[in-house]
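Everything on this sheet refers to the single structure shown next.
The values are calculated or read from the model by the stated rules, or taken from the named source; none is laboratory data. Predicted model, so just to flag it, every value in this text is computed and none were measured. As a convention, Cβ positions derive from the backbone with ideal geometry for all residues, glycine included, and neighbour counts pool all protein chains shown. Areas reflect the complete protein model, heavy atoms only, side chains present, ligands, DNA and RNA absent. Shrake-Rupley method; radii C 1.70, N 1.55, O 1.52, S 1.80 Å.
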Amino acid sequence: NAEDGAYDYAALAEKLVQLKERYPTKTDAAILLEQEIAYDTIVQVMDTVRVAQEVDEEEGKIDRTDLFPDISIGDAPVLEGGA
């Protein structure tokens, strides 16, 4: 979570690209969600996990690379005593 309350999807994407480089044959990922996460946030995280996008300004196109397209989602464990 960024200081202004927004999520840093660019940092997430960068980390996911690094993970894909370490595990090039892995295609699955699990996303664990807390109850108060907004639907739009879930969709953006799933999109970020699924595909890396890079803008090729010289050719004026977007290059897409599969990262972890096989996504499963579930509930994050609830910690006793609060967060």
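A search for C-beta distances below 7 Å between a residue of the range 14-29 that is at positive phi and of a type outside the set (Ser, Thr, Tyr) and any residue that is open to solvent by less than 100 Å² (accessible area, probe 1.4 Å) and in a helix (DSSP H, G or I), counting only pairs 6+ apart in sequence or on different chains, returns nothing. Consider the range 55-83 and keep the residues that are part of a loop (DSSP other than H, G, I, E, B) and aliphatic (A, V, I, L, M). The one that is least open to solvent (accessible area, probe 1.4 Å) is 67. I'd like the residue in the range 1-54 that is touching a Pro at 6+ places or on another chain (Cβ under 9 Å) and assigned to a helix (DSSP H, G or I) and, out of all such residues, is least open to solvent (accessible area, probe 1.4 Å). Ranking the candidates gives 49 first.
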